[in-house]
Amino acid sequence: MSETLADRWQRVQDQVASACEDAGRSPDDVTTIVVTKFHPASLVRELHALGVRHVGENRHQDAAPKHQELTDLDLTWHFVGQLQSNKARAVAAYCEVIHSVDRPSLVEALAKYEGSVEVFLEVNLTSVPGRGGVEPGDLEALAEQTREAGNLRLRGLMAVAPQDEDAGRAFDRVLTYRENLLRVAPEATDLSLGMSGDFREAIARGATHLRIGTAITGKRPLPT
Ligand SMILES: *Cc1c(COP(=O)(O)O)cnc(C)c1O
């Protein structure tokens with residue numbers, strides 16, 4: 001019998017629970033965001049029926065119509081992809097949390113949004129500048145700018161482990177960056193870390209938000 005969406009969701013929940021137990025943490029302190037990018041709204045509806053309440057998307061042009069189709073569901077939408085400044089306000093209108101804030105121009109654009117938004121600052125863990133994420137040395141200035149905006153609630157740091165490095169080692173660096181961040185933004189304690197392949201390592205390092213796609217949804221359709 002082939003594995004269903006319900007089977008995969010259950011298995012990931014079990015794995016998250018066991019990783020939390022190993023780390024001496026409560027599963028209640030870890031939010032699993034199911035990344036549904038490229039999948040149709042119907043899959044998000046199925047996930048909701050299984051109990052999923054947090055979904056993640058990475059492209060405004062795909063996410064906006066899906067959100068439109070699903071306004072009857074109590075879902076929290078998270079934006080996890082690179083975000084162009086000219087789309088920032090539109091995204092803030094339906095995503096409660098933006099995980100990929102990585103530059104001053106994006107903070108400026110979000111500051112013009114008339115409501116409040118929760119944000120993570122994405123830090124670049126690769127050695128290549130511009131690979132999505134603020135350079136670690138620029139983090140504190142970006143955090144100060146974010147706090148001064150007034151309508152942005154700074155939750156913490158987000159990062160993606162580089163493909164050519166052990167995820168645990170990469171996540172260890174995030175903990176160092178967080179110490180620096182907390183000096184200017186003591187409230188920014190959350191960590192958005194961990195995807196299908198490395199969420200156990202992320203939980204061991206204190207991740208509060210996991211962004212898990214394929215381990216739950218199965219293979220992604222190709223982007224259109
Ligand atoms: C696609 C994506 C994920 C989920 O990746 P999987 O490997 O499918 O779990 C998580 N975070 C970001 C930023 C993504 O773009």
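Taken over region 166-199, the criterion of being surrounded by 19 or more Cβ atoms within 10 Å (Cβ to Cβ) and within 16 Å of the ligand (Cβ to nearest atom) is satisfied by Ala167, Ala170, Phe171, Val174, Asp190, Leu191, Ser192, Leu193, Gly194, Asp198, Phe199.
When you scan region 24-39, do you find a residue that is touching an Asp or Glu at 6+ places or on another chain (Cβ under 6 Å) and within 14 Å of the ligand (Cβ to nearest atom), even just one? Steps first, answer last, please.
First, pick out the residues of region 24-39 that are touching an Asp or Glu at 6+ places or on another chain (Cβ under 6 Å): 37.
Going one step further and asking which of them are within 14 Å of the ligand (Cβ to nearest atom), we end up with 37.
Yes, there is a match, as at least one residue in region 24-39 is touching an Asp or Glu at 6+ places or on another chain (Cβ under 6 Å) and within 14 Å of the ligand (Cβ to nearest atom).
Can you name the residue in region 61-75 that is among the polar types (S, T, N, Q) and more than 16 Å from the ligand (Cβ to nearest atom) and is also least open to solvent (accessible area, probe 1.4 Å) among such residues? Explain how you work it out, then say what you get.
Keep residues of region 61-75 that are among the polar types (S, T, N, Q), which gives 61, 68, 71.
Now restrict to residues that are more than 16 Å from the ligand (Cβ to nearest atom): 68, 71.
Working: Gln68: 126, Thr71: 91 Å².
Step by step, filter region 61-75, then rank; the result is Thr71.
When restricted to residues that are surrounded by fewer than 20 Cβ atoms within 10 Å (Cβ to Cβ) and part of a loop (DSSP other than H, G, I, E, B), region 26-37 contains 2.
Residues in region 131-147 that are in a loop (DSSP other than H, G, I, E, B) and open to solvent by 70 Å² or more (accessible area, probe 1.4 Å): Arg131 only. Among the residues making up region 79-95, those that are part of a loop (DSSP other than H, G, I, E, B) and either surrounded by fewer than 16 Cβ atoms within 10 Å (Cβ to Cβ) or among the aromatic types (Phe, Trp, Tyr) (or both) are Gln82, Gln84, Ala93, Tyr94. The listed residues are Asn124, Asn180, and the only one of them that is more than 20 Å from the chain's Cα centre (by Cα) and under 23 Å from Gly194 (Cα atoms) turns out to be Asn180. In region 175-196, the residues that are assigned to a helix (DSSP H, G or I) and among the charged types (D, E, K, R) form Cβ pairs under 8 Å with partners that are open to solvent by less than 50 Å² (accessible area, probe 1.4 Å) and more than 16 Å from the ligand (Cβ to nearest atom), at six or more places apart or across chains, as follows: Arg178/Ala188. In the condition set (1) open to solvent by 20 Å² or more (accessible area, probe 1.4 Å); (2) in contact with a Gly (Cβ under 9 Å, 6 or more places away or on another chain); (3) under 17 Å from Glu96 (Cα atoms), Ala23 is compliant with all but (3). Name, by its number, the condition in (1) surrounded by fewer than 17 Cβ atoms within 10 Å (Cβ to Cβ); (2) part of a helix (DSSP H, G or I); (3) touching a Lys or Arg at 6+ places or on another chain (Cβ under 9 Å) that does not hold for Glu114. Glu114 satisfies every listed condition except (2). When Val52 is tested against (1) under 20 Å from the mean Cα position of the chain (by Cα); (2) part of a helix (DSSP H, G or I), just one condition goes unmet, and that condition is (2).
Considering each residue of region 215-224, count those that are open to solvent by less than 60 Å² (accessible area, probe 1.4 Å) and either away from the ligand (no atom under 11 Å from the Cβ) or without any contact (Cβ under 8 Å) to a residue 60 or more places away in the chain (or both), and give that number. Reasoning before the result, please.
Going residue by residue through region 215-224, those that are open to solvent by less than 60 Å² (accessible area, probe 1.4 Å) are 215-218, 221.
Now narrow it down to the ones that are either away from the ligand (no atom under 11 Å from the Cβ) or without any contact (Cβ under 8 Å) to a residue 60 or more places away in the chain (or both): 221.
Number of matching residues: 1.
The residues listed here are Glu3, Glu46; of these, the one that is modelled with pLDDT of 95 or more, open to solvent by 70 Å² or more (accessible area, probe 1.4 Å) and away from the ligand (no atom under 14 Å from the Cβ) is Glu46.
The values are calculated or read from the model by the stated rules, or taken from the named source; none is laboratory data. Source: prediction; values computed, not measured. When we count neighbours, we look across all protein chains shown, and the Cβ atoms used for this are built from the backbone with ideal geometry, even at glycine. Just so you know, the surface numbers come from the protein's heavy atoms only, side chains and all, with ligands and any DNA or RNA stripped out. Shrake-Rupley method; radii C 1.70, N 1.55, O 1.52, S 1.80 Å.
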